[in-house]
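This report refers to the structure that appears directly beneath it.
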Amino acid sequence: MSLQLAWVNRPATGESLSGDAVVVRRSGKVTLFGVVDALGHGEQAHHVAQRTVTLLQDAALDVGVDGLLKMLHRALHGTRGAGATLCLYADGALHAAGVGNVEVRALPSMAPVIASPGILGSRVTDVRVWRTALNPGTRVAVFTDGISERVDLESTRLQPPQAAAQQLLDVWGRHNDDATILVVDAEET
């Protein structure tokens, strides 16, 4: 099975830089993908989000999503902090975990990924990991709170990931916040 990934990002109205960021990394048969939402807007938030992505590009993936989030929590200490949801896909299974306000939805519907409360770099309670099989035909969306939690994935079911991500941002994005959505389709190879 292969993953097709696409995303869009828009800074809050009046800002030139976004405090949201997307990480996508393939290493052998493992794919890491996720979304980061640094607290606030503008240049300082942008720097925290980009630092987070840089850390994830270089991190060992064998520590799992919980280990990656714990590493980010330590590395972001002293910054404004961030929320993030990370997903690792390997051998037909998806492992996901989050801290803060980055959400996950899937079609067909799967058990919800419930992010742990807190802020990476400031305070984090126990990180909960969610695991499920990822079957061909599944669409996963990971998005910041700049996208309404009422987002309707079904309305984009027949669109390729890039068109779906753009439509979901256009319809469900909030202009008073940075908004980012990552759409991932699992396809038979």
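No lab work stands behind these numbers, since they all come straight from the coordinates. As the structure is a prediction and not an experimental result, all values here were calculated from the model. Cβ sites come from the backbone with ideal geometry, for glycine too, and all protein chains shown count toward neighbours.
Considering Cα pairs under 8 angstrom that are at least six residues apart, work out the relative contact order of the chain and quote it in whole percent.
Working: 484 pairs, mean separation 53.0, N = 189.
RCO, the chain: 28 percent.
How many nm separate the modelled label positions at R131 and V30, each set 7 Å beyond the Cα in the direction of the Cβ?
The answer from the label model is 1.4 nm.
Helix-only estimate, please: 222 nm mean residue ellipticity of the chain, summing -39500 (n - 2.57) across DSSP H runs of length 4 or more and dividing by its residues, to the nearest 500.
Values: 3 runs with 41 residues, N = 189.
Here the helix-only value at 222 nm equals -7000 deg cm²/dmol.
Looking at segment 66-146 from every direction and averaging, what is the projected area of its Cα convex hull in nm²?
Values: hull surface 21.5 nm².
Convex hull of Cα atoms, orientation-averaged projection: 5.4 nm².
What FRET efficiency comes out for H77 versus L158 if R0 is 35 angstrom and r is the Cβ-Cβ distance? Round to the nearest 0.05.
Step by step, r from the Cβ atoms, then E = 0.20.
How much length is gained on full extension from Q57 to H175, taking 0.36 nm per residue of separation minus their Cα-Cα distance?
Numbers: separation 118, 0.36 × 118 = 42.48 nm, distance 2.90 nm.
Length gained, Q57 through H175: 39.6 nm.
Which is the longest stretch in the chain that no exposed loop site breaks, taking sites as GluC sites (Glu not before Pro) with a DSSP loop state and at most 12 other Cβ atoms within 10 Å? It would help to have the intermediate numbers written out before the result.
Numbers: sites that count: E149, E188.
Excluding the exposed sites themselves, the longest stretch runs over 1-148.
Ratio to report: Rg/Rh of the chain, with Cα atoms as the point set and Rh obtained by the Kirkwood method; give two decimals.
On the way: Rg = 15.2 Å, Rh = 16.2 Å.
Result for the chain is an Rg/Rh of 0.94.
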